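The values are calculated or read from the model by the stated rules, or taken from the named source; none is laboratory data. Just so you know, these numbers come straight off a predicted model, no measurement behind them. Because the Cβ atoms are built from the backbone with ideal geometry, glycine has one as well, and the counts that use them run over all protein chains shown.
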Amino acid sequence: MNDNQSQNTTFLPEGSKRERGKDAQRMNILVAKAVSNAIKTTLGPRGMDKMLVDEMGDVTISNDGATILKEMAIEHPIGKMLVELAKTQDDEVGDGTTTAVVIAGGLVSKAENFLDESIHPSIIIKGYKMASEKAVEYFNEISEKVSVDDRQLLLDIAKTSMTGKAAENSSALSNIVVDGILKISKGSKELEKDQIKIEQKIGGNLADTKLIDGIVLDKEIVHPEMPRAIKNAKILLVTSALEVKEPETEAKIQITSPDQLQAFIDQEEQTLKTMVDRIQATGANLVICQKGIDDLAQHYLAKAGITAIRRVRETDIETLAKATGAKIINRLKNVTAKDLGTASNVYSKKIAGDDMLFIEGCPNPNYVTILLRGSSEQLLAETERTLNDAIGAVISTIKSGKFVAAGGSSEIEVALRLKNFAKTVGGREQLAIEAFAEVLEIIPKTLAESAGLDAIDTIVALRTKHQDQSNKGYGVDVINSTIADMKKKRVIEPIAIKTQAVLSATEVAEMILRIDDIIAGQSSKSKTMPGMPGGAGMDEM
Ligand code: ADP
Ligand code: MG
C-alpha cells in the first residue's frame, strides 16, 4: 500500500484513494460475489422473496432479480454493472435476470481461484469467451422449434415463467397473457412489448383481472357534462396544455385600472375559446391531453359536446397514436381533421370507485390492455412484474421460435458438452472452459437447494441421466422435490433467456476482470459498499 500512497500524492487530488493490481481485482470480485449471492436464493419457483425498505420507509417485496437489484441502491461501480446486466436482460428478453446475475457472479468467483494460481486474467477471459460462444451453440442444438400459434406451448412457457409467483392465479393469468399476445401477433413474429399494456387498479382481487381489446387509461373525464360514451370517436392527441401560458417574469403585465383587468380577462377567455373553436372545427369529439386543461376550456369543450381527459402519460399518448392513427399535436394552430385518430367505441366506466376510460375498436387492433386487479399495492406491483416476465418470455419464444426444458436441464446438458469441448482445447484455457461449465451448474444446484434437495447428489444424478440422450430433458422438479424430465412435464423456457444470460454475463465478467486499477475521488469516502462487513468503504481496504 505504501508505494501506492506515495504515487497518489503525485498526481491525484488530496484524499483520493487508489487500489491497484490484485487489491483492485480482489475488491471487485468480492463485490460481484456479494451482489450475486444476495439474489441467488430468489431463483426458481421456490425461491425466497426479498423485502426492501427504502430511505422513505417504502416497502417493496419482490422475487424479481432486476427489481431487487434496483431497490438495493448499490453504490459500488461493480455492483452497478450487475444492476445494468439485469436491466439489459430485462430489456432484451424480459425474463431471466436472476439467472444472468448469478452466472456473472459465478464466473467472477471462479476467476478468483485462477488468479490465486497466478493465471493471467487474459487467459481466463479467452477461455470464458470460447465457452460462452460454444454454450450458445449448444443451447441452440438442444432447443426445439415452436410455431407462432402453438397456444398450448406458449401457455406452458408463460406458466413456467410464473410458477411460484401470483400463487393460485398463475394459471388464469397465463391464459390472459397468451390470449393477449395471440390477439396482437396474429401469426406474425413482429411483436413489441408496448402492444400489450398493463394498467393496474387497486381493489377486487387477482381473479378479476381481465384482458381488454383496446387501450385503458386510468383517467376520469374532466367535466361532468361531457359525454361519457362515444360511438365513432374522432380523437385528438395533444401534448401541450389547453391553458393560457403564465406571463414570463420579465413580461409582467402592469394592471392599473379595473378596465384593464377586465380586458386582460376577456383576452384570456378569448384565447381559450379560440383553442376550443379550433378543436371543434376539426370535428374531434374526444381530446386526450398530455398536460392540463383550464377550467374555462373544460367548460367550452363540454358546451361543444367534446369529451376530454388530461395529464395522460407520454408513453400512453404514443401508444394511442399507433392504435388510433392519430397524429400527436404540439400546437393547435394548424390542426385539421386529418390529424385525428378514430375508435369505434369509447366509454368511461367506474372501476373500484374511480372512472377509467376504455378505448376500443381502434383501426390498428394490435393493442390490448391487461386490466390488473388486486387487493394491495404490494400485490399489484409484484404481479405486474410477474406479468411482464411472462409477456417477455412468450414474446421472446415467438421471436426466436425455440425453447428448451426448464429446471436447470439445459444448463446441465450444455455443461456436459462444454466439458467435452474443453478437453479438445487443452492448455490453460481448458481450465477456464471447465470452470464455465461448473458455473452453469450453479443454476440446477440452486434450484435443488431451494427444493430442499442435496445439491451435489442432485447434480450427480442429473449428469448420469444426461449420459443418455433420450433423457436430456431431465432437470430439477422444484415443485415435487425430485429430478424429472421437465420437457415431458411441459416445464419449458424460451432459448433467448439462456443465450442472452450467458452472453451478457460473460461480457460483464470480462469487464470486471480487466480492471486492475481503481481510482476513487474523495467524494466517494462516505459511500459504503454492499455485502461488506459494516459496509466498509474503499478507504479502509
Ligand atoms: P429469473 O430471474 O432468472 O427468471 P426465476 O426466479 O424466474 O429467475 O427462476 C427461473 C428458474 O426457475 C429457471 O432456471 C427455470 O428453469 C426454473 N423453473 C421455473 N419453473 C420451474 C419448475 N416448475 N420446476 C423447476 N424449475 C423451474
Ligand atoms: Mg423468471
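Brief remarks on what is shown
- In summary, ASP149 fulfils each of the numbered conditions (1) within 15 Å of ligand 1 (Cβ to nearest atom); (2) farther than 19 Å from GLY94 by Cβ; (3) among the acidic types (Asp, Glu) with the single exception of condition (1).
- Pairs with Cβ under 7 Å, 6+ apart, first in the stretch 214-229 and more than 30 Å from GLY180 (Cβ to Cβ) and charged (D, E, K, R), second at pLDDT 95 or above and not in a loop (DSSP other than H, G, I, E, B): GLU225/ALA302
- Considering the conditions (1) surrounded by 23 or more Cβ atoms within 10 Å (Cβ to Cβ); (2) over 25 Å from THR499 (Cβ atoms); (3) within 16 Å of ligand 2 (Cβ to nearest atom), MET48 is excluded by exactly one of them, (1).
- The set of residues in the stretch 374-399 that are more than 16 Å from ligand 1 (Cβ to nearest atom), polar (S, T, N, Q) and either outside any helix (DSSP H, G or I) or modelled with pLDDT of 90 or more (or both) comprises SER375, SER376.
- Here the condition is being touching an Asp or Glu at 6+ places or on another chain (Cβ under 6 Å) and crowded, with 16+ Cβ neighbours inside 10 Å; of ILE157, ILE142, it holds for ILE142 alone.
- Scanning the stretch 107-121 for residues that are in a helix (DSSP H, G or I) and either within 16 Å of ligand 1 (Cβ to nearest atom) or farther than 18 Å from ALA422 by Cβ (or both) gives LEU107, VAL108, SER109, GLU112, LEU115, ASP116, PRO121.
- Among the conditions (1) part of a helix (DSSP H, G or I); (2) surrounded by fewer than 23 Cβ atoms within 10 Å (Cβ to Cβ); (3) away from ligand 2 (no atom under 16 Å from the Cβ); (4) modelled with pLDDT under 95, the only one that MET130 does not satisfy is (4).
- Exactly one residue out of HIS120, HIS76 is farther than 22 Å from SER161 by Cα, of a type outside the set (Ser, Thr, Tyr), without any contact (Cβ under 8 Å) to a residue 40 or more places away in the chain and more than 15 Å from ligand 2 (Cβ to nearest atom), and it is HIS120.
- Pairs meeting the criteria (first residue in the stretch 322-341 and under 13 Å from LEU237 (Cβ atoms), second residue surrounded by 20 or more Cβ atoms within 10 Å (Cβ to Cβ) and among the hydroxyl-bearing types (Ser, Thr, Tyr), beta carbons under 8 Å, at least 6 apart or on different chains) are LYS322/TYR367; ALA323/TYR367; GLY341/THR324.
- GLU84 vs. criteria surrounded by fewer than 17 Cβ atoms within 10 Å (Cβ to Cβ) and under 20 Å from ALA422 (Cα atoms): no
- Counted residues, the stretch 160-174 - those being of a type in the set (A, V, I, L, M) and either buried (at least 20 other Cβ atoms within 10 Å of the Cβ) or closer than 28 Å to GLN469 by Cα (or both): 3
- Single residue of ASN330, ASN366, ASN388 found to be surrounded by fewer than 23 Cβ atoms within 10 Å (Cβ to Cβ) and within 16 Å of ligand 2 (Cβ to nearest atom): ASN388
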